[in-house]
1. Please go through region 192-208 and give me each residue that is farther than 13 Å from Asp252 by Cα, touching a helix residue (DSSP H, G or I) at 6+ places or on another chain (Cβ under 8 Å) and either of a type in the set (Asp, Glu) or buried (at least 24 other Cβ atoms within 10 Å of the Cβ) (or both), ordered by number.
2. Here are Leu123, Leu104, Leu156, Leu142: which of them is over 24 Å from Arg275 (Cα atoms) and within 15 Å of the chain's Cα centre (by Cα)?
3. Is it true that Arg80 is among the charged types (D, E, K, R), buried (at least 17 other Cβ atoms within 10 Å of the Cβ) and modelled with pLDDT of 95 or more?
4. If you scan region 158-205, which residues turn out to be in contact (Cβ under 8 Å) with a residue 60 or more places away in the chain and in contact with a strand residue (DSSP E or B) (Cβ under 6 Å, 6 or more places away or on another chain)?
5. Kindly state which helices (runs of 4 or more DSSP H) lie completely within region 179-266 and contain at least 1 residues that are under 20 Å from Gly119 (Cα atoms) and hydrophobic (A, V, I, L, M, F, W, C).
6. Considering each residue of region 105-146, count those that are in contact with a strand residue (DSSP E or B) (Cβ under 9 Å, 6 or more places away or on another chain), of a type in the set (Gly, Ala, Ser) and closer than 22 Å to Glu163 by Cβ, and give that number.
7. Given the structure, is Pro278 within 17 Å of Thr75 (Cα to Cα), assigned to a helix (DSSP H, G or I), of a type outside the set (Asp, Glu) and more than 17 Å from the chain's Cα centre (by Cα)?
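The values are calculated or read from the model by the stated rules, or taken from the named source; none is laboratory data. As the structure is a prediction and not an experimental result, all values here were calculated from the model. Note that each Cβ is placed from the backbone with ideal geometry, even for glycine, and that neighbours are counted across all protein chains shown.
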Amino acid sequence: MNSCVSTRREMLKKALLGSIALPLLGSVRLSAADAANAAPSDVGVAPPEGREHGLRLGMASYSIRVLPMESVIPTAKTLRMANVSLFRLHFPWETASVDDCRALGARFKEAGLAITGSGVINLPNDEAKLRKIFDNAKAAGLATMMCKPSIDAFPLIDRLVKEYDQKIAIHNHGPEDEVYPTAASAMKHIDQLDARIGLCIDVGHSYRASEDPATAIRTFAARVHDIHMKDSVAVPGALRDIPVEGGQGRIDFPGIFKALLAIRYNGVVTYEYERNTPNPVPGLAESMGYARGVLKMLASA
C-alpha cells in the first residue's frame, strides 16, 4: 500500500477536472488548442461502460447527498463517470410513480449515463409494496437494486426476481447492523436462492466488521453484484465509521482491485464518498483519482 500512496500526486492528476468547485460544475470548456492537445479522458468523456483498466467504475450519489438532484448528472459527467447509483434523497425509489421512473431512466440515458444502482431500499414481506418497487426499478432501467430485505421476505423476493428478471444486492452495514454486518452474514440467507439475489459488498463496513473485503470478494465471487468502494480510518470492531479520502485510510485498494480482477468481476465498482462536508465534490474527485491511479498501476505491473 505504501508504494501506492507514494505515487499519490501522479494519481490525483486524473482527478483534476473533477476537483473544480461546485459552482463550476456543468460542461467543461476547453480552448481549441487545449482540446487538440488533450487526451480523451481529459475532456470529460467517460470510457464505454465506464470501464477502466479492467473494471467498471461508478459514482454513488450518496457521495453528494448534500447537493440537489440537479447536481448529480453534471457531477458524474465532470468526474468522467458513466455509471451512477442513485440515492433515495435524489430519487424516491419506493414511492415514485412508474412514469417518473421511466422519465428518470430516459433523462440519464440522454445524458450518456447508466443508472446501475440505488440507495439501500428496504424490502418488506409485503407483495404490494415489493411489486411497486420492482415495477419502478424495471421502468427506470435500474441494473441492480441495493437493498435490505426482511428475513421473512426471501421466499417472495426469490419469486419476484425471477418474474422481473431483476438483480438485487444486499448491502452490509458493519458491526452496528444486527442483520447484515458482513457479506458472509448476508450470503448465509441467500446461497440457496436465485443467483439474481446477490451482494453489494461495502468494503468499509466489511472491514469494520472484521471481514476482509478481498477475501469476501473471492469467496462469494458468483454473487458479487456491486461493490461500494470507500476509505476509512476506523478500526475493526468500531461502531462508528470515520470516512476519509481514498488512499488516506486503512482500506486495501490494491488487494480489493486484484480480487475483483481475479474473479473477472463485470459489475460496477461504485465509489461512495461518505465524508460529511458542505462541498463533497473535491474529496470525491480526489478519491476517484486515487482509485484510478491504483488501477493504472496494477495494469502496468
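1. Hits for region 192-208 are Asp194, Ile197, Gly198, Leu199, Ile201.
2. Numbers: Leu123 fails: within 15 Å of the chain's Cα centre (by Cα); Leu104 fails: within 15 Å of the chain's Cα centre (by Cα); Leu156 fails: within 15 Å of the chain's Cα centre (by Cα).
Criteria check complete, one pass: Leu142.
3. Numbers: among the charged types (D, E, K, R): yes; buried (at least 17 other Cβ atoms within 10 Å of the Cβ): yes; modelled with pLDDT of 95 or more: yes.
So Arg80 passes the test.
4. Residues of region 158-205 that are in contact (Cβ under 8 Å) with a residue 60 or more places away in the chain, as a first pass: 174-176, 200, 202, 204.
Across region 158-205, the qualifying residues are Cys200, Asp202, Gly204.
5. On the way: elements: 183-190, 203-208, 213-219, 253-262.
Per the criteria, 183-190, 203-208.
6. 7
7. Values: within 17 Å of Thr75 (Cα to Cα): yes; assigned to a helix (DSSP H, G or I): no; of a type outside the set (Asp, Glu): yes; more than 17 Å from the chain's Cα centre (by Cα): yes.
Against the criterion (within 17 Å of Thr75 (Cα to Cα), assigned to a helix (DSSP H, G or I), of a type outside the set (Asp, Glu) and more than 17 Å from the chain's Cα centre (by Cα)), Pro278 does not qualify.
Yes or no, residue by residue, for (1) surrounded by 20 or more Cβ atoms within 10 Å (Cβ to Cβ); (2) within 18 Å of His173 (Cβ to Cβ):
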{"site": "Leu104", "(1), (2)": "yes, no"}
{"site": "Gly112", "(1), (2)": "no, no"}
{"site": "Asp126", "(1), (2)": "no, no"}
{"site": "Lys132", "(1), (2)": "no, no"}
{"site": "Asp135", "(1), (2)": "no, no"}
{"site": "Ala140", "(1), (2)": "yes, no"}
{"site": "Pro149", "(1), (2)": "yes, yes"}
{"site": "Asp152", "(1), (2)": "no, no"}
{"site": "Leu156", "(1), (2)": "no, no"}
